[in-house]
Amino acid sequence: MAITKTRKEELLGIYGDLLKQATGIVVTEYKAITVAQVNQLRDKLRDVQGVYAVTKNTLFLIALREAGWPAPENLFTGSTAVIFGAENFPQVAKAAIGFNKDFENFYAVKGGIMAGTVLNAAQVDAVSNLPSLDELRAQLAGLIVQPASGVVGVINSAVAAVPQVLQAYVSKHEAA
């Protein structure tokens, strides 16, 4: 069924807005997913600031080009849906792949785009295994705190040694 020019412009605007907010996308081919499962997926993605949208391939390719993203035509064939990741793309990819595994592969991950790089399905899976931003922040904080705690330990042991040195000095002079 053909869509009107007005509807095409509306879809381009929607796709453009989603791409402006996205740090990466996962391109999927949906197969046997029901409306209830789509709603479950959308709920799961919403928790990690992701959005699931069924797209019209030709219009989405135009939106990608207009937004300055790579437009790999090979990813946009057949029944396509796109998962947009806003702030934390690895968490969105993890949620998308985890949902698909939990529900016996209702869609196939074709690939994705992150930081201007086109990813294949295996690379999207690898991105999904990256730590979240919160985990990275915790690791970074640990790296910063670790040397500081070492310095505190050295200072504490030096301060604790002062009374022992003084006691040894007093004992030596009392014996003499």
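Readers should treat all values here as calculations from the given coordinates under stated rules, not as data from a laboratory. The structure presented is a predicted model; accordingly, all values stated were derived computationally and were not measured. Note: ideal-geometry Cβ built from the backbone for every residue, glycine included; neighbour counts use all protein chains shown.
Per-structure values
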| item | result |
| --- | --- |
| Positions within region 101-134 being touching a residue at least 12 places away in the same chain (Cβ under 8 Å) and assigned to a helix (DSSP H, G or I), in sequence order | A121, Q123, V124, D125, V127, S128, L133 |
| Contacts under 6 angstrom Cβ, first residue in region 19-41 being among the aromatic types (F, W, Y), partner in a loop (DSSP other than H, G, I, E, B), 6 or more apart | Y30/S79 |
| Of all residues making up region 1-50, the number that are over 20 Å from A96 (Cβ atoms), part of a helix (DSSP H, G or I) and among the hydrophobic types (A, V, I, L, M, F, W, C) | 2 |
| Complete set of residues in region 51-68 that are crowded, with 18+ Cβ neighbours inside 10 Å and part of a loop (DSSP other than H, G, I, E, B) | T55 |
| Test: E73 is under 11 Å from the mean Cα position of the chain (by Cα) and surrounded by fewer than 17 Cβ atoms within 10 Å (Cβ to Cβ) | no |
| Test: residue in region 109-124 that is under 12 Å from the mean Cα position of the chain (by Cα) and among the hydroxyl-bearing types (S, T, Y) | no |
| Failed criterion for V92 (all others in (1) surrounded by 13 or more Cβ atoms within 10 Å (Cβ to Cβ); (2) over 15 Å from the mean Cα position of the chain (by Cα) hold) | (2) |
| Unmet requirement for A81, which otherwise passes all of (1) buried (at least 17 other Cβ atoms within 10 Å of the Cβ); (2) over 19 Å from the mean Cα position of the chain (by Cα); (3) among the small types (G, A, S) | (2) |
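The rows are residues; the columns are (1) of a type in the set (G, A, S); (2) farther than 15 Å from Y15 by Cβ; (3) touching an Asp or Glu at 6+ places or on another chain (Cβ under 7 Å).
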| position | (1), (2), (3) |
| --- | --- |
| G78 | yes, yes, yes |
| F99 | no, yes, no |
| Y107 | no, yes, yes |
| Q123 | no, yes, no |
